[in-house]
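Okay, structure first, notes after.
The values are calculated or read from the model by the stated rules, or taken from the named source; none is laboratory data. The structure displayed is predicted, hence computed values, not measured ones. Cβ coordinates were reconstructed from backbone atoms using ideal geometry, including for glycine residues, and neighbour counts include every protein chain displayed. Calculation scope for accessible area: heavy atoms of the full protein, side chains included, ligands and nucleic acids excluded. Shrake-Rupley method; radii C 1.70, N 1.55, O 1.52, S 1.80 Å.
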Amino acid sequence: MINRGSYVWQPQKMDMFRKSRKAQDKRLYVWQLPIRLSHWLNILCITSLIITGYYISNPFMHAISEDQSIMAMMRFIHFVSAHILIASALIRIYWLFAGNKFARLKEFLPFTAEKRKEVLCFIKFYAFLKKEVHHPIGHNALAAISYSFAYFMIFLAILTGYALYSESHTGFFWYLAGGWVFGILSDGTIRLIHHFVMWVLTAFLIVHVYIVWLNDNIEGNGLISSIFTGYKIYHKD
Amino acid sequence: MLKSKDTIFDGLYSFGVSRRNFIKFCASMSATLALSSSAVPQIVEALEKKKKPYAIWLHFQECTGDTESILRASKPSIAQIVLDIVSLEYHETIMAGSGHAAEKALHDVVKNQKAKYIAIVEGSIPIKDGGIYCTIGGRTALDIANEVCGNAFVTLNVGSCSCWGGVSSAKPNPTGAVGIADAVSGIKYVNLPGCPVNAENITATIVHYLTFGTLPVLDRHNRPLFAYGKRIHDNCERRPHFDAGQFVRKWGDEGHRLGWCLYELGCKGPMAYKNCPTIKWNEGISYPIQAGHPCFACASNDSWDVFGPIYTRAPHVPGAGYQATADKIGAAVVAGTAAAVATHAAIRTFLGYKQKEKFAKEKDEADKIK
Ligand code: SF4
């Protein structure tokens with residue numbers, strides 16, 4: 001179940017290596033259910049939002065007959081996914097205050113000297129300037145920053161999304177939800193931001209998946225399986 | 001010049017407009033203003049009894065399209081009504097007087113009718129280099145606007161240029177063109193953008209003022225809600241094709257002939273606010289989308305620099321090169337990221353290989369020692 005990466009070039013030795021380490025391993029419950037739930041909802045919704053959103057901006061599929069409703073369907077899925085994403089964000093925000101120490105707000109604020117050092121360490125590590133880093137149990141400080149960034153992007157998408165939604169949904173509620181943004185930004189700018197967030201989040205997804213795979217592979221900390229099960233592997237050495 | 005003490009109906013009557021046509025006109029105004037038919041008698045009464053307001057029509061940096069839009073109305077009687085709803089004392093394109101006499105007429109109105117007349121402005125004001133790029137009778141547009149709009153009861157900015165600069169303020173905007181409200185501060189104004197504006201919307205704004213004594217309800221861009229409150233996309237007759245996913249791909253293709261949605265030809269209907277689909281143009285004959293041309297949001301502040309080019313969908317990224325659209329930049333961001341990740345992975349594999357080999361060796365030796 002735990003993916004340690006496969007070192008195909010020296011299978012016997014790696015087996016030995018794994019066994020010797022396994023004896024000292026400890027399983028730690030890190031990601032609580034709401035975190036995992038919100039994580040997978042995010043993945044599901046963001047993927048569907050990117051696909052349907054791209055379709056809305058550039059309809060690459062065309063209807064063959066009058067009774068189809070591709071664009072209407074895409075828009076429907078887009079709006080439903082958007083609202084599920086918001087629900088998921090709300091769960092996550094609630095868990096910033098109610099969760100265990102790995103989920104708390106404090107994890108995401110890189111304001112202590114220690115955290116700043118950790119950020120630097122990880123940047124060096126990823127830039128091949130440093131061979132080893134100490135991996136904390138929860139998020140490392142750099143990862144935490146990247147997640148805050150992703151959430152900021154999601155926040156922009158929600159805000160501009162509601163602004164655009166209020167164009168066809170008039171009334172005070174939708175004005176409060178997003179219509180007021182038109183008082184600050186022009187229609188064109190709002191669309192530009194909303195559209196651009198899609199690309200930024202796509203880039204984020206690529207980096208996120210890669211880095212997670214990388215960490216799982218190097219560290220053997222079961223990072224990938226941890227977002228399914230909640231358990232991370234912690235090596236004593 | 002018309003005698004200003006005449007009521008509107010008197011003026012119309014002397015031009016041979018029948019009462020029947022007059023009532024019809026009042027009814028169409030009430031419809032444009034989105035009022036119920038019970039408002040028609042009120043409008044009739046107001047236009048029959050009230051004196052015509054004085055009006056001055058100024059031209060600055062523009063193409064006279066808004067004047068054309070009124071003059072080219074297909075039924076002469078309606079054109080008459082539109083022009084006769086006010087006592088137009090000064091209008092460079094159509095006035096008979098010229099030279100000093102015309103300028104005097106302008107000054108007389110500004111002096112004698114202070115804070116009572118309506119200023120109608122067509123065209124943007126260049127403010128760069130002291131405003132020298134547009135001068136009339138030796139005075140800069142800025143100077144004239146300051147005097148005429150500054151003393152008017154209300155300024156009606158007709159057409160996108162006088163609302164927010166329009167095409168003359170599109171990048172690189174060499175003359176520093178701005179809308180009237182940006183050039184002359186502190187004035188009371190109504191924006192009636194459009195390229196050109198629809199004549200009915202100007203008239204209806206004035207009729208509203210004459211009938212109820214107030215300006216129509218305005219939105220956050222000072223546009224009357226009756227004309228700019230609805231999105232073209234929501235009132236478009238091609239909308240069912242949009243929802244279905246039937247799009248015109250190329251000019252003149254089968255979809256175009258069948259009247260499908262013009263989204264992919266760059267239609268900006270989803271961002272455009274105006275009553276084109278309902279009142280249309282040329283006495284309700286047609287309007288761009290109906291005629292098969294995508295809307296380019298002529299009435300929007302963004303139509304040139306952000307929404308342009310006219311036949312492209314993705315919004316323009318300001319300051320990112322002329323042809324760069326959001327999609328191209330976005331795709332570049334993603335491709336760049338993917339390339340960076342792939343490079344990283346390649347280097348990592350190479351380094352990691354060595355590291356792990358070394359690590360395994362060390363482990364080996366350690367085991368041996370044990
Ligand atoms: S033609 Fe333009 S306004 Fe009409 S449905 Fe298509 S995109 Fe919307």
Suppose each label sits 7 Å from its Cα in the direction of the beta carbon; what would the B:LEU218-A:LEU37 distance come out to in nanometres? 5.0
Report, in deg cm²/dmol and to the nearest 500, the calculated mean residue ellipticity at 222 nm for chain B, where each DSSP H run with n ≥ 4 adds -39500 (n - 2.57) and the sum is divided by the residue count. -13000 deg cm²/dmol
For chain B, report the accessible area per residue in Å² (1.4 Å probe, heavy atoms, rounded to an integer). 45
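Can you order the peptides A:182-194, B:115-127 by their average number of other Cβ atoms within 10 Å per residue, highest first?
Most protected by this proxy first, the peptides run B:115-127, A:182-194.
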Report, largest value first, the span of the C-alpha coordinates of region A:68-132 along each principal axis, in whole Å. 56, 33, 16
Estimated FRET transfer efficiency (B:TYR13, B:ALA105; beta-carbon r; R0 30 Å; 0.05): 0.75
Hey, got the dipole for chain A? About the Cα centre, +1 on K and R Cβ, -1 on D and E Cβ, debye to the nearest 20? 1380
Linear extension gain, B:ALA96 paired with B:ILE136, 0.36 nm per residue minus alpha-carbon span: 12.7 nm
Rounded to a whole number of µm²/s, how large is the Stokes-Einstein D of chain A at 10 °C and 1.306 mPa s, given Rh as the Kirkwood radius over C-alpha pairs? 78
Ranking B:ILE279, A:SER88, B:ASN21 by how far each Cα lies towards the positive end of the charge dipole of the protein assembly as shown (+1 on Lys and Arg Cβ, -1 on Asp and Glu Cβ), the top one is A:SER88
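By per-residue mean of other Cβ atoms within 10 Å, what is the highest-first order of B:232-240, B:99-107?
For the peptides B:232-240, B:99-107, the packing ranking is B:232-240, B:99-107.
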Nearest 5 is fine: what % of DSSP beta bridges in chain B come out antiparallel, could you say? 35
Restricting to the protein assembly as shown, what percent of DSSP beta bridges are antiparallel, rounded to 5? 45
Using a basic spin-label model with each label point 7 Å from the Cα along Cα→Cβ, how many nm lie between B:HIS293 and A:LYS124? 6.4
The ratio Rg/Rh over the Cα atoms of chain B, Rh being the Kirkwood inverse mean 1/r radius, stands at 1.22
Within the accessible area of the protein assembly as shown (1.4 Å probe), percent carbon and sulfur: 63
Expected 222 nm ellipticity per residue - DSSP helices of 4 or more, -39500 (n - 2.57), all of chain A, to 500: -22000 deg cm²/dmol
Tilt relative to chain A, helix A:70-98 - C-alpha long axis, 0 to 90 degrees, to 10: 50
Per-residue Cβ counts within 10 Å, from other chains only, averaged over A:67-78: what number is that? 3
Would you mind pulling out the separation of the Cα centroids of region B:122-169 and region A:144-177, in Å? 38
Once all Cα-Cα distances of the protein assembly as shown are split into 20 Å bins that start at 0, what whole-number percent is in each one? 16, 38, 26, 14, 5, 1
DSSP beta bridges in region B:8-228, what fraction antiparallel, as a percent rounded to 5? 25
In region B:8-228, with Lys and Arg counted as +1 and Asp and Glu as -1 at Cβ, which of these residues, B:ASN222, B:SER162, B:SER37, has the Cα nearest the positive end of the dipole, that is, farthest along it? B:SER37
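Please report the equivalent ellipsoid semi-axes of region B:138-258, computed as sqrt(5 x eigenvalue) of the Cα gyration tensor, largest first, in whole Å.
Sorted largest first and rounded, they come to 34, 21, 11 Å.
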From the phi of every residue in region B:241-253, what ³J(HN,Hα) in whole Hz does the Karplus formula 6.51 cos²θ - 1.76 cosθ + 1.60 yield, where θ is phi - 60° and glycine or proline is x? 6, 4, 4, 5, x, 9, 10, 6, 9, 9, 4, x, 6
At R0 = 30 Å the Cβ-Cβ FRET efficiency linking B:LEU71 and B:HIS256, nearest 0.05, sits at 0.40
So in chain B, which Cys have no other cysteine's beta-carbon sitting under 4.7 angstrom from theirs? B:CYS26, B:CYS63, B:CYS134, B:CYS149, B:CYS161, B:CYS163, B:CYS236, B:CYS261, B:CYS267, B:CYS276, B:CYS295
Set the bar at 19 Å for Cα to Cα. Now go through B:LYS24/B:LYS49; A:LYS101/A:LYS124; B:LYS50/B:LYS116; B:LYS52/B:LYS116; A:LYS124/A:LYS232 and name every pair that lies beyond it. A:LYS101/A:LYS124; A:LYS124/A:LYS232
Electrostatic dipole magnitude of the protein assembly as shown [Cβ: Lys, Arg +1; Asp, Glu -1; Cα centre; debye, to 20]: 2620
Given backbone amide H placed at 1.01 Å from N, residues whose amide H is under 5 Å from that of B:SER87, ignoring those fewer than 5 places away on the same chain, are B:TYR54, B:ALA55
Chains A and B: how much accessible area gets covered up at their contact, both sides added, probe 1.4 Å, in Å² to the nearest hundred? 4300
Per-residue mean of C-beta atoms belonging to partner chains within 10 Å, peptide B:294-307: 2
Eligible aspartates and glutamates near A:LYS106 by straight Cα distance, threshold 18 Å, same-chain separation 8 or greater: A:GLU114, A:GLU118
